[in-house]
Structure formats: C-alpha cells, structure tokens
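The next block holds one structure in the form of structure tokens; read it before the comments.
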Amino acid sequence: MKCPVCGMDCVKSAKDLLATLSTVFQPCPECSVRSLDKRRPHTQLDYAAPCSCGKRFIDEVFAHIYVIMVEEGDLSLTDPLIAAGSPLIHPGVAMDRPPFLPINSLVLLSSRVTKKTAERLVGEVPEVRGVVRTGDFIPGIANPDLNTVPRVYELLAGCDVRADIFPLPTGPLVIYKQQSLIHIEFPRAGYPKLLSVIRHVGDPPVSHFVDAFSGVGTLGLAAACLGVPHVILNDAWYASAFWSAFNLEVNREYLKIQRVRIFEQIDDMQKHPVSREQIKIAETEGDQIIEVYQGDFHALPTVIPPNSGPMTVLDIFNKKDPAALQAIQQEWITTVGGDVFVP
C-alpha cells in the first residue's frame, strides 16, 4: 500500500503487517543487550551498531539519538537520556519486555529537536522512521465548539505514520495514524474501551453501530470486525476522518466487504480541516455497510437511517465534565434514539 504521507511503501495491509508480528521485535542469538538509566546523562557518548540481523536494543538506539542531539547542541551532557524524547514504536503492540528494533520502526517525539538534527537522525539512525517536534498542547480537536483550527505537531523529517494493534475475539485490528496530527492515546492494560465495545455490540451483534467521535476509527472498526451489519464513523477533524477511512481499507480483508470507496484524500481534506456539515469520506460495497464521515456530531443524525435505533459510542476527548457529557448523551437519545455508552 502507498503511504498517503510520504508516498513510499511504509504502510501494509493488516494481513501483511500481522504476518510479521511474532518476530518483528525479537532478537537473534547474536543480539546484545545494554540497559541504560534513562534518568541519567549518557556521558560516555557511545552506542553499539545494529546486529548483523539488522536489529538493535532500544537503549542503544536512544544512545545513538542522544549522541547526535548532543553534537548538534539540542542536548547538553547534563541532560538525562530521557530528554531526547519519547519513542513510539511501529507497530505498537503490548510487550512484556523492551524491544529490539528493526529498521524504520520508531517515531521520535521531542520538544528539543531541531530540523537539522531531525534530518541527521532519519539519515543516520536506521531505526528512526520519522521525527516530530512536539509542543505543550495536544494535537487535534480538544475544544468541542469547533470554532478554531486545532494546533498540530510538526513533522521535521522522515515519515510519522505508524500503526497500533488491538486484540479482538475475531482477530487483531490494525490502526494507522499520522502521529503529528493525532493525539497520543496509549492503550490501557486490558483494553477497557475495546471490552466495552464488545459488550455493547453483543453476540449476535446489533444491527447498527455509530462511532460519533471516531478518532482514527478504532472503536467503530472494532464493531465492524465484530460483525455489525451497518457501521457509521464520524469525526470533525480531517486527519481523524481520513485515517478512519484509510484504516477501513487496511482491515478490508477481515470485513464482509468487497471494496472501499474513498472520496477524498488527505491533501484535499486539509482544505476543510474542521467541518460542521457532514462530508462523506468513504463507504464500502459488500455485505457490510460501513461509512465514514467528517462533520460535527450534531449534524450526524442527518445521515443515520431513520428508526434504526443504533448502538452509539460517545468517546469524547474530555470526559472530566460529567454535566456536559450527560447533556451530549441526552441530546443524542432525544434526537437519534437507540442505546448510548461512553467507553
């Protein structure tokens, strides 16, 4: 599959990506391990080269990153190793031990890195696929009023597209995202949001499922994988809606569909980054009807089949205001009906 960000072959179908999962972060017999204290400076300024198998222990990768950032003046020798940034591995999967990283398997998030350094990191550290400069904010929609265009992080070098893998009774779900445009949400132990979807979908599954704040599509596509005949995903933020559509294509082989029709590509969607009206981004052909929209959830009832009584998940970003959350739930029940849950 062609990556929509860099145009290269750094994305794969779910089937192809999952075929590599059992060995992707496993060492060979010759791989070496050196554990470094992330809270202390790496004053030795040394690092081991990748093993002959092409992998390297994550601490050595960070030592290499640290050395380059010190050489470029982004870090000083008094900075701890952890100051280099946060690693997001590709593909992201639950692990019980630190990984041995193959080529192009790490996106670095850092508030300290400069563009020149980022280009060196992508060019000289084989494991680094992309470098993103972060800020003291969360990328994407954080304010529900939709009156402003959200702020995003900056991709300085390489490609920041990566995948996370989520377990389901029907098999793993693969979810790609462009990390500079989407807020980071690390799966909690036990995947409680997915368990909530599984409980509410039921067996046999409900007939209609709506993911009103879909993000990159995790919960709505989980419902589709669980066999719901008609699923609607929606998000007002263009990057979320696009990646929901893209992930529909990524997981196509595990759904009861023959074709995914994507009507807008990410470059086109940048022209309407936040939409109040409903814009259809993708739809399927086959035994399952799966639709992806970009728009304000208040307008979403206009595209939901009348009297369908859907099961709706409201996975809003800010759940700390119980009164606002209850108001959203009540509005949805009054307008659309069916059942509503917050994961």
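Could you tell me whether region 14-158 comes out rounded, prolate or oblate from its Cα gyration tensor? Rule is a ≥ b ≥ c as square roots of the eigenvalues, rounded for a/c under 1.5, then prolate if a/b exceeds b/c, otherwise oblate. All intermediate terms of the calculation are to be shown ahead of the outcome.
Details: a/c = 2.05, a/b = 1.23, b/c = 1.67.
Oblate shape, in that a/c is at least 1.5 and b/c is the bigger or equal ratio.
What is the dipole size for the chain, taken about its Cα centre, with +1 at each Lys and Arg Cβ and -1 at each Asp and Glu Cβ, in debye to the nearest 20?
Numbers: 31 positive and 39 negative charges, 85 e Å.
In debye, rounded to 20, the chain gives about 400.
Would you please give the FRET efficiency between LYS280 and ILE103, computed as 1/(1 + (r/R0)^6) with r the Cβ-Cβ distance and R0 = 45 Å, to the nearest 0.05?
Values: r = 38 Å, r/R0 = 0.84.
The computed FRET efficiency comes out at 0.75.
Enumerate the residues in region 204-225 having an amide nitrogen under 16 Å from the point lying 7 Å beyond the Cα of VAL342 toward its Cβ.
Under 16 Å, as judged by backbone N against the label point of VAL342, lie 212-214 of region 204-225.
Quick one: angle between helix 322-335 and the longest Cα principal axis of the chain, in degrees between 0 and 90, rounded to 10, please.
Once rounded, one gets 40 degrees.
Among LEU106, LEU36, LEU194, which comes first, second and so on when ranked by fewest other beta-carbon atoms within 10 Å? Walk me through the numbers on the way to the answer.
Values: LEU106 25, LEU36 18, LEU194 21.
The most exposed by this proxy come first: LEU36, LEU194, LEU106.
Quote the FRET efficiency, to the nearest 0.05, computed for LEU325 versus ALA94 with a Förster distance R0 of 41 Å and r equal to the Cβ-Cβ distance.
0.90
How long is the gain from ARG34 to ILE333 if the chain were fully straight, where each residue apart is worth 0.36 nm and the alpha carbon distance is subtracted? The partial results should precede the final answer.
Working: separation 299, 0.36 × 299 = 107.64 nm, distance 5.56 nm.
Computed gain between ARG34 and ILE333 is 102.1 nm.
What's the long-distance tail for region 271-311, i.e. % of Cα pairs beyond 17 Å?
On the way: 321 of 820 pairs.
That tail contains 39 percent of the Cα-Cα pairs.
What share of the DSSP beta bridges in region 188-341 is antiparallel, in percent to the nearest 5? Could you put the intermediate results ahead of the total?
Values: 10 of 26 bridges.
Counting DSSP beta bridges with both partners in region 188-341, the antiparallel share is about 40 percent.
Quickly estimate the mean residue ellipticity at 222 nm for the chain, helices only: each DSSP H run with n ≥ 4 gives -39500 (n - 2.57), and the total goes over all residues, rounded to 500.
Details: 8 runs with 78 residues, N = 343.
The helix contribution divided over the chain gives -6500 deg cm²/dmol.
Would you order ASP160, ASP16 from fewest to most other beta-carbon atoms within 10 Å of each residue's own beta-carbon?
ASP16, ASP160
So between ASP46 and LYS256, what do we pick up on full extension, going 0.36 nm a residue minus the alpha carbon distance?
Numbers: separation 210, 0.36 × 210 = 75.60 nm, distance 5.18 nm.
Stretched out fully, the ASP46 to LYS256 stretch lengthens by 70.4 nm.
Decide, for region 1-73, between rounded, prolate and oblate: order the square roots of the alpha carbon gyration tensor eigenvalues as a ≥ b ≥ c, take rounded if a/c falls under 1.5, and otherwise choose prolate if a/b is larger than b/c, else oblate. Working shown, then result.
Details: a/c = 2.88, a/b = 1.56, b/c = 1.84.
Oblate.
In this model, which of LYS2/LYS177; LYS256/LYS319; LYS12/LYS271; LYS2/LYS280; LYS115/LYS319; LYS38/LYS193 are farther than 24 Å apart at the alpha-carbon?
On the way: LYS2/LYS177 14 Å; LYS256/LYS319 33 Å; LYS12/LYS271 27 Å; LYS2/LYS280 22 Å; LYS115/LYS319 36 Å; LYS38/LYS193 31 Å.
Over 24 Å Cα-Cα: LYS256/LYS319; LYS12/LYS271; LYS115/LYS319; LYS38/LYS193.
Taking the Cβ-Cβ separation of SER76 and ARG151 as r and a Förster radius of 41 Å, what is the calculated FRET efficiency to the nearest 0.05? Let's see the in-between values first.
Numbers: r = 28 Å, r/R0 = 0.69.
Once the sixth-power term is evaluated, E becomes 0.90.
List VAL250, VAL303, VAL210, VAL149 from most exposed to least, where exposure is judged by having the fewest other Cβ atoms within 10 Å. Intermediate values should be presented prior to the final figure.
Values: VAL250 26, VAL303 14, VAL210 29, VAL149 11.
So the ranking, lowest neighbour count to highest, is VAL149, VAL303, VAL250, VAL210.
I need the shape label for region 162-203. Rule: rounded when a/c is under 1.5, else prolate if a/b > b/c, else oblate, with a, b, c from the alpha carbon gyration tensor. Let's see the in-between values first.
Working: a/c = 2.44, a/b = 1.89, b/c = 1.29.
Prolate.
Using only the alpha carbons, work out the radius of gyration and Dmax of region 188-341 in angstrom.
Answer for region 188-341, Rg first and Dmax second: 14.5, 43 Å.
No lab work stands behind these numbers, since they all come straight from the coordinates. Quick caveat: nothing in here was measured; it's all calculated off a predicted structure. Neighbour counts run over all protein chains shown; Cβ positions are idealised from the backbone, glycine included.
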